[in-house]
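The values are calculated or read from the model by the stated rules, or taken from the named source; none is laboratory data. Quick caveat: nothing in here was measured; it's all calculated off a predicted structure. Cβ: placed from backbone, ideal geometry, glycine included. Neighbour counts: every protein chain shown.
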Amino acid sequence: MIDIVHDLDVLRARIAGWKREGLRIGLVPTMGNLHAGHHSLVRLARGYADRVVASVFVNPTQFGPHEDFDRYPRTPEADAAGLAEAGCDLMWAPTVATMYPFGPEAAVRMHVPGVTEVLEGARRPGHFDGVATVVSRLFLQVQPDVAAFGRKDYQQLAVIRHLVRDLAFPLELLAGAIVRDADGLALSSRNQYLAAHERRVAPRLYATLQAMRDGLRAGLAREAVEADAARTLEAAGFEVDYAVVRTPSLQAPADGDRGERVALLAARIGRTRLIDNLEFELGPG
Ligand code: PAF
């Protein structure tokens, strides 16, 4: 049975009880509409904690004015059932007024410099401030020993790593592997926006990431690999925001022929914007 909590005092009482018993607490922050990727994060956190809390909160401060906050799918009953099955103990589902007592506009905000200024940050101004703001609040509310985030949101993970180190939040971050459908499409709550013909071409994103990796490993120039990826996706009907190869810091294009790399894509198919990435190693292997 999962405990569903909407009230901050109730959450604090549960957390205080667990801490008194000396139990380790894991947190999985989510915006709900959960799928197998989220459930895998619950199972990951479970391996490092005695009790797992999943937050389900569609966070208004991370959506731009023309983004999908209103139509973002909200499925709390199904979320609770899936979380219970994955081994989650408590679903923390605050209202906007509980998360932001003075309202989202008057909220104290967090800003992580540097890594938020490129890629997603450059295209979605304020998005990562909203993420850092709500994640900091969740850390303060739940006081977890470990917190699990998915690698699909690669840049988000980099932002949160910076936040945790810089503010010395006393917790360990866990990074969960990307969970994909059999045809390679990374699981995302936004996949359900895809019309049938869009869903059929969406796996091209992952195929393109693999081609980028293989091209670089075969010695092609990064610029050529990036341009080819963008062309391939445009030809398949995507509108490409970026198709790039970076080092893990994400800050600048990754040149040279060895070391850790990540290929990142953001592209729109119809009205739906999807992101994906692939981490790999270059050099003698
Ligand atoms: O990755 C998400 O679902 C959200 O950005 C997060 C981390 C739950 C913050 O709202």
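With respect to the numbered conditions (1) touching a Ser or Thr at 6+ places or on another chain (Cβ under 6 Å); (2) buried (at least 20 other Cβ atoms within 10 Å of the Cβ), which one is the sole condition not fulfilled by LEU41?
That leaves (1) as the condition not met.
One line per residue, one yes/no per condition, for (1) β-branched (Val, Ile, Thr); (2) out of contact with any helix residue (DSSP H, G or I) (no Cβ under 8 Å at 6 or more places or on another chain); (3) more than 16 Å from the ligand (Cβ to nearest atom); (4) assigned to a helix (DSSP H, G or I):
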position	(1), (2), (3), (4)
ASP9	no, yes, yes, yes
TRP18	no, yes, yes, yes
GLY26	no, no, no, no
GLY37	no, yes, no, yes
ALA54	no, no, no, no
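Within the group ASP129, ASP183, ASP153, ASP166, which residue is acidic (Asp, Glu) and within 21 Å of LEU44 (Cβ to Cβ)?
Being acidic (Asp, Glu) and within 21 Å of LEU44 (Cβ to Cβ) holds for just one of ASP129, ASP183, ASP153, ASP166, which is ASP153.
For PHE69, are the conditions met, namely being touching a helix residue (DSSP H, G or I) at 6+ places or on another chain (Cβ under 8 Å), among the aromatic types (Phe, Trp, Tyr) and near the ligand (Cβ under 9 Å from one of its atoms)?
no
Please tell me if THR208 is of a type in the set (Ser, Thr, Tyr), surrounded by fewer than 17 Cβ atoms within 10 Å (Cβ to Cβ) and in contact with a strand residue (DSSP E or B) (Cβ under 8 Å, 6 or more places away or on another chain).
No, not satisfied.
In segment 119-150, which residues are buried (at least 18 other Cβ atoms within 10 Å of the Cβ) and outside any helix (DSSP H, G or I)?
Residues satisfying the conditions are LEU119, ARG124, GLN143, PRO144, ASP145, VAL146, ALA147, ALA148, PHE149, GLY150.
With respect to the numbered conditions (1) more than 14 Å from LEU138 (Cβ to Cβ); (2) modelled with pLDDT of 95 or more; (3) out of contact with any Pro (no Cβ under 7 Å at 6 or more places or on another chain), which one is the sole condition not fulfilled by ASN33?
(3)
Only residues that are touching a strand residue (DSSP E or B) at 6+ places or on another chain (Cβ under 8 Å) and not aliphatic (A, V, I, L, M): list them for segment 180-197, please.
Scanning segment 180-197 gives ARG180, SER188, ARG190, ASN191, TYR193.
Run LEU119 past the list (1) on the phi > 0 side of the Ramachandran plot; (2) within 11 Å of the ligand (Cβ to nearest atom) and report the number of the one that doesn't hold.
Unmet condition: (2).
Going by the conditions given, is MET110 over 25 Å from ASP181 (Cα atoms), within 13 Å of the ligand (Cβ to nearest atom) and under 20 Å from the mean Cα position of the chain (by Cα)?
When the stated conditions are applied, MET110 passes them.
Within segment 272-281, does at least one residue satisfy the condition of being over 16 Å from the mean Cα position of the chain (by Cα), among the acidic types (Asp, Glu) and part of a loop (DSSP other than H, G, I, E, B)?
No, segment 272-281 contains no residue that is over 16 Å from the mean Cα position of the chain (by Cα), among the acidic types (Asp, Glu) and part of a loop (DSSP other than H, G, I, E, B).
Between residues in segment 56-68 that are in contact (Cβ under 8 Å) with a residue 12 or more places away in the chain and over 19 Å from LEU274 (Cα atoms) and residues that are near the ligand (Cβ under 9 Å from one of its atoms) and part of a loop (DSSP other than H, G, I, E, B), which pairs lie under 6 Å by C-beta distance while being six or more apart or on different chains?
Here the result reads VAL56/GLY32, each pair linking segment 56-68 to a residue that is near the ligand (Cβ under 9 Å from one of its atoms) and part of a loop (DSSP other than H, G, I, E, B).
Report, by residue number, each residue of segment 84-118 that is within 14 Å of PHE57 (Cα to Cα) and part of a helix (DSSP H, G or I).
VAL96, ALA97, THR98, MET99, PRO104
Give ARG109, ARG51 a once-over and let me know the one that is at pLDDT 95 or above and surrounded by 20 or more Cβ atoms within 10 Å (Cβ to Cβ).
Within the list ARG109, ARG51, the selection yields ARG51.
Here is a check on your reading of the model: is GLU198 more than 16 Å from the ligand (Cβ to nearest atom), surrounded by fewer than 16 Cβ atoms within 10 Å (Cβ to Cβ), on the phi < 0 side of the Ramachandran plot and in contact (Cβ under 8 Å) with a residue 60 or more places away in the chain?
Here the answer is no, as GLU198 does not meet what is asked.
Please go through segment 162-173 and pick out each residue that is away from the ligand (no atom under 13 Å from the Cβ) and closer than 18 Å to ASN277 by Cβ.
HIS162
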